[in-house]
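What follows draws every value from the coordinates through simple rules; no lab data is involved. The structure presented is a predicted model; accordingly, all values stated were derived computationally and were not measured. No Cβ is skipped: glycine too gets one built from the backbone with ideal geometry, and neighbour counts run over all protein chains shown.
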Amino acid sequence: MNEPTEPAGSAETTADEIIRPVGYQPQQRTEEKRFDLTRGQIIAICIAVPTLIIVWFLFTAKSVRLEFSPPIDSATISGGLSFELGGIHLLREGEYRVAASAAGYHELLETFEVTPQRNQTHSFELLKLPGQVTFESIPAEAQIVVDNATVGLTPSPAIAIDAGLRNVIYTAPRYQPLEFDVDIIGMDEAQTVTGTLLPDWADVTITTIPEGAEVFIDDETSGQFTPAIVQIRSGEREIRLRISGHKNYRQRILLAAQEKITLPTITLQQADGVLNVVTRPSGAGVTLNGQFQGESPIELAVKSSERYRIQVFKAGYASLERSVSLANGEDRTLNLSLERLMGEIVIHAQPDDASLYIDGKLRGKADQTILLPTIAHKIEIKLDGYAGYSANITPRNGLVQEVKVKLLTIAEARLASLKPRIKTHLGQELVLLKPEAFTMGASRRQPGRRANETLHDVEMQRLFYLGTKEVTNAEFKVFASGHDSGEFQDNPLDKDDQPAVSVSWEEAALYCNWLSSRDNLPPFYLTEFGKVLGINPRATGYRLPTEAEWAWAARQVAAEAPLRFPWGSNLPPPDRYGNYADRSAAHLVGRIVFGYNDNYIVSAPVGTFRPDQKGIYDMAGNVAEWINNYYDISGVDETLDPLGPDSGEYRVIRGSSWMHGTITDLRISFRDYGLEGRQDLGFRIARFAEAT
């Protein structure tokens, strides 16, 4: 069989020429080079960074020695980073606060300035606590006066007296004053101060013939009868002796304290006649020829056949005068009836059903005309639910007096008893405000509203005072002399009459406590080592206003709806209404009020612009203001006298400033928060009008 033949012109096929499938793998891109840190490098960086910081601090810090007199138990420094090495503190330049304590001494809270000097020393002196001093004297019940202030009677309980040399005076009736200096140890230690007072009388021995004469000193009975040793106060005195059937004997005598005198025996002359003066009512004063003899009933010794002028007088009665002459040996009784003098009092009282009390006795409805003796009377007008009225009045014979009284409700009387305006010892004025129920926050439909402005009802029952102006740099520097409000882009913020700014919330609260101590008010803020730990809501000391107080004072206008903006409902504000971000500040701040000019680029002197209807300045504009409350977003439930939450991270800030110019932050309901100071953030003071 013939083998098949290949076609002409074909070539022999080899194994290498056979097409076979192979696997495909895409070409990988070259990865960028990564810089991976090793564990050792990370550890080295973690060590190097703190080391560099420490080295930087050591090179820039100053060596500061703090010396305390006396030696202290503990001390803390706040205001910046601090290291202590062997009693030397390493501190950078700036202002710091030191808090120190020692047993028996007041807590020290002071500021000091670390200067550029490399090594420096600051000295502080702690003041001793008052001593617990008990005062005793012989005799007891002497009045105690310490440094011109009366502190009680001996023997006294323990009284807190400031440490140091104190002037003490003991006084008691019929004793010479005892004055001496005593060094009060202080430090809360018990101490007893004693003293013996010397008598301020002379012992005068008086004998008479006959015996049994009553002894009067300066026309006041001594209660003694001759013969007697009578204790008579030092000075010029008149001795009068009286015995029935005899003439009165009078003698003036000059006596020295602790002197002993024996008067020669006095022979009383028998009277020619005896006149007994009896009055109805008794207790009337009696004079004989113009010389006072005593009160009725009284027995007078007179000469016979001599005419005497007898005068009798008593408050509320017409005086009487009689002329009498007695025969030799006559004993006569003169009976006199005194005519009561009356005065007419017309009383008009509202409400009509009020009751009238005269000298504590109910006399019917208050609205009446009443006749009263011409002596002092206490008039009271009372009605349940109202504050009572009380006054002293002395009617006049033949004269009609009118009394008009409108009783106040308890609330009205409470308000009337408070001063409408008060001042701090620095002259800062606060105005009394009587808040009412109102709604805080803003409606969701209000343009510019923020989510933290929820509407909720608030009722405030406690009257409060609010500072009419923001605290100035000059006022704050009395508390913190090293404070500097600084400047903003070469525009000063630290002038005396500008509001204090760059003040933290805590510094503002401590200023309030310092101001309270200067005005002898209980502190509102509870502090320890210069830190605010809480509040005492019952205290009437100065504080920052609560958010409800600030909002009520800023928004409520008499007979009008709550304001949206301080000036009304629409932008822009009237020209020169307040200090906002105006066209003069366009090159400094981001947003301004177009078409508005207040002539101040940064903060203005407090009180520059006109006050609101309550007499308060800059409740909006100038600087924003710290508020007492911790920051939170309020619910919708009604609250009573809210002080805000008990704790939180930030504090509330209210009000616009010279930096603000948008519809959001110009509104009165705008809320902000923070803890540290800003160049457009200050504060004003407030306080409760009454303790609870």
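Of Lys361/Lys423; Lys365/Lys614; Lys361/Lys419; Lys404/Lys469; Lys128/Lys531, which pairs sit farther than 30 Å apart, going by alpha carbon to alpha carbon?
On the way: Lys361/Lys423 42 Å; Lys365/Lys614 40 Å; Lys361/Lys419 33 Å; Lys404/Lys469 39 Å; Lys128/Lys531 22 Å.
Where the Cα-Cα span goes over 30 Å, the pairs concerned are Lys361/Lys423; Lys365/Lys614; Lys361/Lys419; Lys404/Lys469.
Considering only DSSP states other than H, G, I, E and B, which trypsin sites (Lys or Arg not before Pro) in region 74-119 qualify as loop sites with at most 12 other Cβ atoms within 10 Å?
Sparse-neighbourhood loop trypsin sites (Lys or Arg not before Pro): Arg118.
Could you work out [θ]222 nm for the chain from helices alone, using -39500 (n - 2.57) per DSSP H run of at least four and dividing by all its residues? Round to the nearest 500 deg cm²/dmol.
Theoretical 222 nm ellipticity from helices: -2500 deg cm²/dmol.
Between the DSSP loop rule and a limit of at most 11 other Cβ atoms within 10 Å, which trypsin sites (Lys or Arg not before Pro) in region 399-494 are left?
Numbers: sites: Lys404, Lys406, Arg414, Arg421, Lys423, Arg444, Arg445, Arg449, Arg450, Arg462, Lys469, Lys477; in loops: Arg444, Arg445, Arg449, Arg450, Arg462, Lys469.
Listed in order of number, the matching sites are Arg444, Arg445.
Are there any helices in the chain, counted as whole DSSP H runs, that stretch 30 Å or more along their axis by Cα and score at least -0.5 on average by Kyte-Doolittle, and if so which?
39-60
Can you list residues from other chains, or at least 5 along the same chain, whose modelled amide H is less than 5 Å from the amide H of Lys128?
The answer is His106.
State, to one decimal in nm, how far the label point of Thr221 lies from the label point of Arg332, with both points 7 Å from Cα in the Cβ direction.
For the pair Thr221/Arg332, the computed spacing is 2.6 nm.
I need the calculated FRET efficiency for the pair Arg583 and Ile663, taking r as the beta carbon distance and R₀ as 22 Å, to the nearest 0.05.
On the way: r = 17 Å, r/R0 = 0.77.
Calculated transfer efficiency: 0.85.
Amide H neighbours of Asn276 under 5 Å, counting only residues 5+ apart in sequence or on other chains, H built in-plane at 1.01 Å?
Residues meeting the criterion, in which the H sits 1.01 Å from N, are Leu300, Arg332, Thr333, Leu334.
Is the shape of region 202-342 best called rounded, prolate or oblate, per the rule: a/c under 1.5 gives rounded, else a/b larger than b/c gives prolate, else oblate, with a ≥ b ≥ c the square roots of the Cα gyration tensor eigenvalues?
oblate
So how far, in whole Å, is the C-alpha centre of region 337-399 from the one of region 478-554?
51
What is the dipole size for region 418-692, taken about its Cα centre, with +1 at each Lys and Arg Cβ and -1 at each Asp and Glu Cβ, in debye to the nearest 20?
Using only the charged Cβ atoms, the result is roughly 560 debye.
So what J values fall out for region 144-153 if you push phi through Karplus, 6.51 cos²θ - 1.76 cosθ + 1.60 with θ = phi - 60°, rounded to Hz, Gly and Pro as x?
So the J values, rounded to whole Hz, are 9, 10, 10, 6, 6, 10, 6, 10, x, 10.
Collect residues whose amide H, placed 1.01 Å from N in the peptide plane, falls under 5 Å from the amide H of Asn629; neighbours closer than 5 in sequence don't count.
HN-HN under 5 Å from Asn629: Glu547, Val652.
Using a Cα-Cα cut-off of under 17 Å, which lysines could be cross-linked to Lys303, ignoring same-chain neighbours fewer than 8 residues away?
Partners within reach: Lys247.
How about region 119-178: which trypsin sites (Lys or Arg not before Pro) there lie in a loop by DSSP and see at most 14 other Cβ atoms within 10 Å? Please list the in-between numbers first.
Working: sites: Lys128, Arg166, Arg174; in loops: Arg174.
Here the sparse-neighbourhood loop sites are Arg174.
Would you mind ranking Thr171, Thr546 so that the residue whose beta carbon has the fewest other beta carbons within 10 Å leads the list?
In increasing order of surrounding Cβ atoms, one gets Thr171, Thr546.
About its Cα centre, how strong a charge dipole does the chain have in debye, to the nearest 20, once Lys and Arg get +1 and Asp and Glu get -1 at the Cβ?
Numbers: 68 positive and 90 negative charges, 569 e Å.
The dipole of the chain has a size of about 2740 debye.
Considering only Pro199, Phe529, Val277, whose Cα is most displaced toward the positive end of the charge dipole of the chain, charges sitting on Cβ of Lys, Arg (+1) and Asp, Glu (-1)?
Val277
So what's the net charge close to Leu90: Lys and Arg +1, Asp and Glu -1, counting the other residues with Cβ under 9 Å from its Cβ?
Residues near Leu90 contribute +1 overall.
Treating the beta-carbon of each Lys and Arg as +1 and of each Asp and Glu as -1, no other charges, what is the dipole magnitude of region 43-125 about its Cα centre, to the nearest 20 debye?
Value, rounded to 20: 380 debye.
How large is ³J(HN,Hα) for each residue in region 648-654, as worked out from phi by the Karplus curve 6.51 cos²θ - 1.76 cosθ + 1.60 (θ = phi - 60°), to whole Hz, x for Gly and Pro?
x, 9, 10, 10, 6, 10, 10
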